[in-house]
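First the structure, in the form of structure tokens, and then the observations on it.
The values are calculated or read from the model by the stated rules, or taken from the named source; none is laboratory data. This one's a predicted model, so the numbers in the text were calculated from it and none came from an experiment. Virtual Cβ from ideal backbone geometry, glycine too; neighbours counted across all protein chains shown.
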Amino acid sequence: MSLKKGSSRIFLQAILIVIFSLFIGVIYNTISKEGISLKGNWSKKVLSDSLIVPYSYDKNDPPAITLAQAMTYFQSHNIIFLDARSETDYKAGHISKALNLPFEEFEKYYPKVERLLTKDKNIITYCDGTECEASLFLARLLRDKGFKNLKIFFGGWTEWNKAGLPVQKSN
């Protein structure tokens, strides 16, 4: 009987420690200059009325562009679109003339597209949409490899396809 009583006492103490810790955490978050909102969506932030980016986007990252800007670049023909999604997603549909360079398998796919890329070529990375960060991570990898003219289209495949812009499917 005393073992059962001792176990319930330890359990109660653990619950009190968790509640106290949560209380301290909420108080600290409330008074901290870098605290986060306790409710809402933290996965993205708004840079302007037409530009939503993932929360992990940093001011030192390659510039983010809107759908209108992506379309202007597409029409200039002096651009390479890199699809950061998986090969399966790419084959199901992608921005017309885009190359597939999946972020998750960068080391496998980079040698296949490397000869098509030059360090001074204009490159736009994209993935599924604002919830997807693969385009951001791909742009960072390319920047680390010395590519300079990088842009990120966070609207990605979802926004492009929804707008009825040129798309392709691959076999």
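Points to keep in mind about this one:
- The residues listed here are N41, N60; of these, the one that is under 16 Å from L142 (Cα atoms) and either part of a loop (DSSP other than H, G, I, E, B) or at pLDDT below 95 (or both) is N60.
- Selection count where residues are small (G, A, S) and surrounded by 23 or more Cβ atoms within 10 Å (Cβ to Cβ), scope region 135-171: 4
- Only one of G155, G164 that is of a type outside the set (A, V, I, L, M, F, W, C) and within 13 Å of the chain's Cα centre (by Cα): G155
- Considering region 134-153, and only residues there that are in contact with a Pro (Cβ under 7 Å, 6 or more places away or on another chain) and not β-branched (V, I, T), the residue that is farthest from I65 (Cα to Cα) turns out to be R143.
- Of all the criteria given as (1) more than 16 Å from N161 (Cα to Cα); (2) part of a strand (DSSP E or B); (3) β-branched (V, I, T), the one not satisfied by T125 is (1).
- Consider region 98-134 and keep the residues that are among the hydrophobic types (A, V, I, L, M, F, W, C) and over 14 Å from the mean Cα position of the chain (by Cα). The one that is surrounded by the fewest Cβ atoms within 10 Å (Cβ to Cβ) is L116.
- Qualifying residue in region 86-93 (condition: polar (S, T, N, Q) and closer than 18 Å to L51 by Cα): no
- The set of residues from region 56-86 being under 21 Å from L101 (Cβ atoms) and of a type in the set (S, T, N, Q) comprises S56, Q69, S76, N78, S86.
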